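Trainee: Next up is a structure, given as structure tokens.
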Amino acid sequence: METQDFFHVADAGTVESIGPRARVLRGFAQEQAGELLASIEQIVRIAPFRHMTTPSGYAMSVALTNSGSLGWTTDRRGYRYTADDPDSGRPWPAMPAVFARLASDAARRGGFEDFEPDACLINEYAPGARLSLHQDKNEHDYGAPIVSVSLGMSAMFLFGGHARSDLAAKVPLHHGDVVVWGGEDRLRYHGVMPVKDQPHLVLGSRRINFTFRKAGR
Ligand code: MD6
Ligand code: FE
């Protein structure tokens, strides 16, 4: 047992509704965390974390990489999914079976059957890194949900509405928590507040988040 998780053990297994079709599955990925981190180590050997540039010319404070047949990227030309890592010109590393199974199991628990992700975006946060309010709308089909897994340091997730100016709920996410959303909530604005430096016993001063999507056809 990790001491920082001690305070979250009580809620492991509980499900919180943050929208009609949006759920936080507390601790859902806790048992698999070690396996997930070992897989990430393999992935970043092939496709290292990097700070991508947004279309407006800023370097993202979050570092990212991908696994799966499609990977999300951004540069001066815009946001898109690509089959190849633009840094290496080679395909993104395959999605490990353990990832795909976790995503599908979590989706079912969150009310979405038959989720088969083809993309896993992996975000790495150092203290101070943040993600401004955005919609996930580069995917081909909004019928599939998104499954988001948090590991390492805790973060305050912002869950807004369908307009950027809508008031956003603050949802703390801890090591092992999984968020599932889709349906009428699929395009809600969301983001992450600057991550505070409260080191995690396994990951230290890092937060890792992966979001699973069905990006292609
Ligand atoms: C993060 N997550 O938690 C960033 N997007 O680090 C996302 O942007 C996100 O958690 C769509 C669905 C769930 C998410
Ligand atoms: Fe997102």
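The values are calculated or read from the model by the stated rules, or taken from the named source; none is laboratory data. Predicted model only: the values in this text are computed from it and were never measured. Quick reminder, even Gly has a Cβ in these numbers, built from the backbone with ideal geometry, and neighbours come from all protein chains shown.
Trainee: Within the stretch 1-30, work out how many residues are part of a loop (DSSP other than H, G, I, E, B), more than 15 Å from residue 210 (Cβ to Cβ) and at pLDDT 95 or above.
Mentor: Residues meeting the conditions: 5.
Trainee: Moving to a separate point now. Which of the residues that make up the stretch 105-119 are assigned to a helix (DSSP H, G or I) and surrounded by 18 or more Cβ atoms within 10 Å (Cβ to Cβ)?
Mentor: If the condition is that a residue be assigned to a helix (DSSP H, G or I) and surrounded by 18 or more Cβ atoms within 10 Å (Cβ to Cβ), then 106, 107 are the ones that fit.
Trainee: Let me ask something additional. Scan the stretch 12-41 residue by residue and report those that are within 17 Å of residue 161 (Cα to Cα) and among the small types (Gly, Ala, Ser).
Mentor: Result: 17, 19, 22.
Trainee: On to the next question. So, residue 78, is that one over 17 Å from the mean Cα position of the chain (by Cα), more than 29 Å from residue 205 (Cβ to Cβ) and either in contact (Cβ under 8 Å) with a residue 12 or more places away in the chain or surrounded by 19 or more Cβ atoms within 10 Å (Cβ to Cβ) (or both) or not?
Mentor: For residue 78, the condition - over 17 Å from the mean Cα position of the chain (by Cα), more than 29 Å from residue 205 (Cβ to Cβ) and either in contact (Cβ under 8 Å) with a residue 12 or more places away in the chain or surrounded by 19 or more Cβ atoms within 10 Å (Cβ to Cβ) (or both) - is met.
Trainee: Restricting the search to the stretch 184-217, which residues are of a type in the set (A, V, I, L, M, F, W, C), more than 9 Å from ligand 1 (Cβ to nearest atom) and in contact with an Asp or Glu (Cβ under 7 Å, 6 or more places away or on another chain)?
Mentor: Of everything in the stretch 184-217, those that are of a type in the set (A, V, I, L, M, F, W, C), more than 9 Å from ligand 1 (Cβ to nearest atom) and in contact with an Asp or Glu (Cβ under 7 Å, 6 or more places away or on another chain) turn out to be 201, 202, 215.
Trainee: Something else now. Cβ contacts < 8 Å: first residue among the charged types (D, E, K, R), restricted to the stretch 46-66; second residue in a strand (DSSP E or B), any location; separation 6+ or different chain. Result?
Mentor: Pairs that qualify, where the first residue is among the charged types (D, E, K, R) and the partner is in a strand (DSSP E or B), are 50/63; 50/64; 50/65.
Trainee: Of the residues 122, 43, which single one is surrounded by 14 or more Cβ atoms within 10 Å (Cβ to Cβ), β-branched (Val, Ile, Thr) and either in a helix (DSSP H, G or I) or away from ligand 1 (no atom under 16 Å from the Cβ) (or both)?
Mentor: Checking each option against the conditions leaves just 43.
Trainee: Also, quick follow-up: For the subset of the stretch 125-163 comprising residues that are away from ligand 1 (no atom under 13 Å from the Cβ) and within 16 Å of residue 191 (Cβ to Cβ), which member is surrounded by the most Cβ atoms within 10 Å (Cβ to Cβ)?
Mentor: Initial filter on the stretch 125-163 (away from ligand 1 (no atom under 13 Å from the Cβ)): 127-128, 140-141, 143, 161-163.
Among the residues that remain, those that are also within 16 Å of residue 191 (Cβ to Cβ) are: 128, 161-163.
Values: 128: 10, 161: 16, 162: 11, 163: 8.
So, considering only residues that are away from ligand 1 (no atom under 13 Å from the Cβ) and within 16 Å of residue 191 (Cβ to Cβ), the one surrounded by the most Cβ atoms within 10 Å (Cβ to Cβ) is 161.
Table: residues versus (1) within 11 Å of ligand 2 (Cβ to nearest atom); (2) free of Cβ contacts under 8 Å to residues at least 40 places away in the same chain; (3) not charged (D, E, K, R).
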position	(1), (2), (3)
107	no, no, yes
112	no, no, yes
117	no, no, yes
125	no, no, yes
130	no, no, no
136	yes, no, no
140	no, no, yes
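Trainee: If I ask for residues that are within 19 Å of residue 31 (Cα to Cα) and of a type in the set (Val, Ile, Thr), which ones from the stretch 150-208 would you list?
Mentor: 178, 179, 180, 202, 208
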